[in-house]
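Just below is one structure, and these are the notes that go with it.
The values are calculated or read from the model by the stated rules, or taken from the named source; none is laboratory data. Just so it is clear, the structure is predicted and the values come from calculations on it, not from any experiment. Cβ: placed from backbone, ideal geometry, glycine included. Neighbour counts: every protein chain shown.
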Amino acid sequence: MVGYLFGLWAALTLNFLLPRLLPGDPLAALLDPDSAGYVYDSAVRESLEAYYGLDAPPVEQYLHYLAGLFTGDLGQSIRLKQPVAAVLGDHLPWTLLLTLTALGLASVIGIWSGAEAAWRRGSPMDKALTAAGVVIGNIPVFFTGMILLIIFGATLNWFPLSGGRTAFARYASAFDAVRDYAEHLFLPALTLTLALLSSKFLLVRGSMIGVLSEDFILVARAKGLPAGRIKHHHALRNALLPFVHHLAAHAGFALTGALFIEALFDYPGMGRLIFESVAARDYPVIQGAFVVVSVFVLSANRLADWLTMRLDPRIREG
Amino acid sequence: MSAPLLSVQNLRVSFASPDGNVRALDGVALELARGGALAVVGETGSGKTTLARALLGLHPAECVAGSIRLDGDELNRLDEPGWQRVRWRRIALAAQNAGTAFDPVYRAGEQIVEPLRLHLGLSETEAWQRARTLAEQTGLTERHLRAYPHQLSGGEKQRLMLAMALSCQPDLLVLDEPTSGQDMRSRAQMIALLRRLRAQSGLALLLISHDLAAAAALTEQTAVLYAGKVVEAGATRDLLTTPRHPYTWGLLNAYPNMTTTRDLSSIRGQMPDPARPPDGCRFHPRCNQAVDDCRRFEPPLERRGGRLVACHLGGVQTLLQADNLHKTFVTNGHAGPDSLIEAVRGVSLAVLAGEVVGVVGETGSGKTTLGRLLAGLLTPDAGAIYFEGQDIQAVNGAEGKNLRRRIQAIPQDPFESVDPLFTVRQIVRQPLDIQRIQGDRDALVRDALAAVGLPAEGGFLQRRPHELSGGQLQRVVIARALVLEPRLLVADEPVSMLDPSEGARLMNLLKRIQNERGMGMLLISHDLALVRKVADRILVMRGGAIIEQGLSSVVISRPQHDYTRALLLAAPSFNWFPDGSQGADESPDINNTGDQ
């Protein structure tokens, strides 16, 4: 736990230092009337200067920054002229919905197919799945996304082309709402699932093959246990231990993947926000997004540690 | 006699591999009576574990052929669900490596309960109750059942494995190396536990092990497995005391136990590649007595004197046999009763193929005369000597010459046994010239010199005896003996002229060459400390007669004759310090270094 707090602190500190380490002053472009990024709104200019307090000594700036974080004050978006926290609050749920859906789907499919392929190792099904896994795993997400968009969105017209929901829609019932959200989510989530799936499949298959060669599996067979029990109760249960950590490490990857996909599908999540903020040099938002991503990845790892501890008695003790 | 519980006939297990078809088991037949115990012993790679798994149907069905009958039911035709009904309920397996035999994420108790619930349909409470009883029987407690595998020691896991294997009260328990990887104390406890359990439950045991002592302690019957074939089978006691097959004999010799003071000697060579077993008898490349038939035909497993042996020669051959030898020397040039010295009086002995027999006695006991008789350098007054079944006095001419070639002597004093004017090359080459050996004789000379660790090139070949050290010359003499590829070496005090360190080096060399070439060796020495390090058997000589003989381990640990005990006490030790009761200087006549 201490490790995670330290990691969080390190990430936040880096977030504080990076803009200040860039050549020149992060606000120079914003405050210089000759630059393209000049902020015309004098009120915003003043609030920026006040927030960053660049005249104050660095230590005071740093403490001020940390205090702001704890009170949820992440500064003011230059582009949207709103508090950064509010901007993130608008976009984060969409990204979480997309990322977690894809991670969940990819995990379920990956675990199931990986376990089956390992159990029937060398069979045509195993060979086909493994080959497919390797191929799909190496296609870039924007390519997959584009293909899916062209086939299911543009050509077949089964799913909407962009957005997170139908604009200005009024829903007659909760069901309609869920349906609309789901339809918009489907293609982006499918794209991300495909991007995440193959590594999960290959990992579970490999780890399951390793477990199946263990002595305790042989003993389980010698005990006369039926195949299903050996496969799930003993083999898969052990094969999932490395998977949990992989999942946590993959959370960061999933998030980055989501950024591309959101841009492609014009999905209203963090990805699009970061894209637009970078284009507009909206530093406060970029910094805020960085904080959120750090917290997300660190939490995922913390969760994985906790889960592993629940799942593996050998680690519970250590 | 009732029908056996387990009857295995012509069991063949083969696996496809990149190198070709690996025949792990090739026609194995075994029988085990209800409540009986059978050990299957052999080196790593002999197919033991394959056999254990085959008995539980754990190999893919297409790999297994032949018949496995349990109580008359043919198991090898069963499908997977059929096997699931046999496993654990009728045949249980205590797997090798109990350390990794438990699923790490479940408590040990849960894993014992699992088959109880599945096979016997017990409720959770009943199953745990039964698990506690089983734990008690194997000397464990509730705490061990509640523990995760990683919290248990190797010995505890071994016991839990046993408790788990016994849970469904099987008819047959297959124990795969139950004692391997354990320290001696837990090993002894495991053996005691198994004996007790067997006495209590009357279950049949099939012990798969390379641990011969465990086989002796636990079983009545033993089968020796080599490269997927049974080479010898019979009553454990007989088999381990008088092995017939050369492999069994080698296995026993290689086995370290507390009663052996001899250095370990391995069976020469390696287990054959199971994908390409040699033609003929699979053991012939490592066998000390292989003949042409062994290279060409596979020996059948035949009943020979109450035991099954697969050997064309019927088992370990006697290389040299001497019956009732007598030799009397006449001193003073005339034959009067007071001038006769009976050097050898009624000595009978045998040397098996590949065996090292030590003849021990003090100076004047007649051991050198005996050596010369056996090497054919003297003719006995009475008695007969047979070498590979041939009476050495009856053969002559070409046959006799050939026979001489196969017995070679290494004399005590190398300086006396070489012509001082000969070069090293001439010394070693001379036997080849005398025997008119065909081929490149100089190459054979170089090979022989290389075998004894001497330079085989250039100037060394041209040296003469006075230019060599005692150790070098003794090596040259050994090379001279080896150059004819003898089957038996008669070595009379081969290292007594050397300092202890050079002597030890030379003795190691001699033992190694003997082991690699599978020669028999008769080692004559006054030095019991030396002999017991290399000899398989020891003969103690006194006054021209053999007064005690037996396995080295037995002669050393339980000497029967007072004279042997005296020799043992006189053997050099470091007990000559003030607190020691005996010392080397109290018995200078039987000393180690021998400053003659």
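For residue A:203, state whether it is under 30 Å from residue B:114 (Cα atoms), touching a residue at least 40 places away in the same chain (Cβ under 8 Å) and touching a helix residue (DSSP H, G or I) at 6+ places or on another chain (Cβ under 8 Å).
Yes.
So that you can scan it fast, the table gives a plain yes or no per residue for (1) within 14 Å of chain A (Cβ to nearest Cβ); (2) in contact with a strand residue (DSSP E or B) (Cβ under 8 Å, 6 or more places away or on another chain); (3) surrounded by fewer than 19 Cβ atoms within 10 Å (Cβ to Cβ):
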{"residue": "B:40", "(1), (2), (3)": "no, yes, no"}
{"residue": "B:67", "(1), (2), (3)": "no, yes, yes"}
{"residue": "B:73", "(1), (2), (3)": "no, no, yes"}
{"residue": "B:77", "(1), (2), (3)": "no, no, yes"}
{"residue": "B:86", "(1), (2), (3)": "yes, yes, no"}
{"residue": "B:89", "(1), (2), (3)": "yes, no, no"}
{"residue": "B:99", "(1), (2), (3)": "yes, no, yes"}
{"residue": "B:143", "(1), (2), (3)": "no, no, yes"}
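Can you name the number of the only condition in (1) buried (at least 16 other Cβ atoms within 10 Å of the Cβ); (2) touching a residue at least 12 places away in the same chain (Cβ under 8 Å) that residue A:313 fails?
If we test residue A:313 against (1) buried (at least 16 other Cβ atoms within 10 Å of the Cβ); (2) touching a residue at least 12 places away in the same chain (Cβ under 8 Å), just (2) comes out false.
Evaluate region B:115-129: report whether one residue or more is assigned to a helix (DSSP H, G or I) and within 25 Å of residue B:223 (Cα to Cα).
Checked region B:115-129: no residue is assigned to a helix (DSSP H, G or I) and within 25 Å of residue B:223 (Cα to Cα).
I'd like to know if region B:125-137 contains one or more residues that are touching a residue at least 40 places away in the same chain (Cβ under 8 Å), farther than 24 Å from residue B:205 by Cβ, within 14 Å of another protein chain (Cβ to nearest Cβ) and more than 37 Å from the chain's Cα centre (by Cα).
The answer is no; no qualifying residue exists.
Which residue pairs have Cβ atoms under 9 Å apart, sit 6 or more places apart or on different chains, and have a first residue in region A:104-116 that is in the same structural domain as residue A:136 (by TED's automatic domain parsing) and under 19 Å from residue A:234 (Cα atoms) and a second that is surrounded by fewer than 23 Cβ atoms within 10 Å (Cβ to Cβ) and of a type in the set (Lys, Arg)?
Matching pairs, first to second residue: A:115/A:231; A:116/A:231.
Which count do you get for residues in region B:175-187 that are assigned to a helix (DSSP H, G or I) and within 12 Å of chain A (Cβ to nearest Cβ)?
The total comes to 0.
Looking at A:252, A:257, can you tell me which residue is crowded, with 22+ Cβ neighbours inside 10 Å, more than 14 Å from chain B (Cβ to nearest Cβ) and closer than 30 Å to residue A:164 by Cα?
A:257
Answer yes or no as to whether residue B:13 is away from every other protein chain (no Cβ under 14 Å), of a type outside the set (S, T, N, Q) and touching a Phe, Trp or Tyr at 6+ places or on another chain (Cβ under 6 Å).
Considered against the rule, which asks whether it is away from every other protein chain (no Cβ under 14 Å), of a type outside the set (S, T, N, Q) and touching a Phe, Trp or Tyr at 6+ places or on another chain (Cβ under 6 Å), residue B:13 comes out as no.
Across region B:101-110, which residue is modelled with the lowest pLDDT among those that are at the interface with chain A (Cβ under 7 Å from one of its Cβ atoms) and surrounded by 22 or more Cβ atoms within 10 Å (Cβ to Cβ)?
B:101
Please count how many residues of region A:284-318 are within 13 Å of chain B (Cβ to nearest Cβ) and acidic (Asp, Glu).
Residues in region A:284-318 being within 13 Å of chain B (Cβ to nearest Cβ) and acidic (Asp, Glu): 2 in total.
State yes or no: is residue B:56 within 13 Å of chain A (Cβ to nearest Cβ), in contact with a helix residue (DSSP H, G or I) (Cβ under 8 Å, 6 or more places away or on another chain) and surrounded by 20 or more Cβ atoms within 10 Å (Cβ to Cβ)?
Here the answer is yes, as residue B:56 does meet what is asked.
Okay, residues lined up against (1) in a strand (DSSP E or B); (2) within 14 Å of chain A (Cβ to nearest Cβ):
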{"position": "B:140", "(1), (2)": "no, no"}
{"position": "B:156", "(1), (2)": "no, no"}
{"position": "B:163", "(1), (2)": "no, yes"}
{"position": "B:168", "(1), (2)": "no, yes"}
{"position": "B:173", "(1), (2)": "yes, yes"}
{"position": "B:192", "(1), (2)": "no, no"}
{"position": "B:198", "(1), (2)": "no, no"}
{"position": "B:205", "(1), (2)": "yes, no"}
{"position": "B:223", "(1), (2)": "yes, no"}
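Filter region B:187-199 down to the residues that are out of contact with any helix residue (DSSP H, G or I) (no Cβ under 8 Å at 6 or more places or on another chain) and either touching a residue at least 60 places away in the same chain (Cβ under 8 Å) or over 16 Å from residue B:35 (Cα atoms) (or both) and list them by number.
Matches in region B:187-199: B:188, B:192.
Testing residue A:306 on (1) free of Cβ contacts under 8 Å to residues at least 24 places away in the same chain; (2) hydrophobic (A, V, I, L, M, F, W, C); (3) surrounded by 17 or more Cβ atoms within 10 Å (Cβ to Cβ), one condition comes back false. Which one is that?
All conditions pass for residue A:306, except number (3).
Taking the stated definitions as given, is residue B:181 surrounded by fewer than 17 Cβ atoms within 10 Å (Cβ to Cβ), within 23 Å of residue B:104 (Cα to Cα) and modelled with pLDDT under 90?
The answer is yes for residue B:181.
Of all the helices (runs of 4 or more DSSP H) wholly in region A:140-249, which have at least 2 residues that are within 14 Å of chain B (Cβ to nearest Cβ) and out of contact with any Phe, Trp or Tyr (no Cβ under 6 Å at 6 or more places or on another chain)?
Because the criterion is at least 2 residues that are within 14 Å of chain B (Cβ to nearest Cβ) and out of contact with any Phe, Trp or Tyr (no Cβ under 6 Å at 6 or more places or on another chain), the helices (runs of 4 or more DSSP H) in region A:140-249 that meet it are A:174-212, A:215-222.
What residue, of B:548, B:516, is farther than 23 Å from residue B:242 by Cβ and surrounded by fewer than 23 Cβ atoms within 10 Å (Cβ to Cβ)?
After applying the criteria, what remains is B:516.
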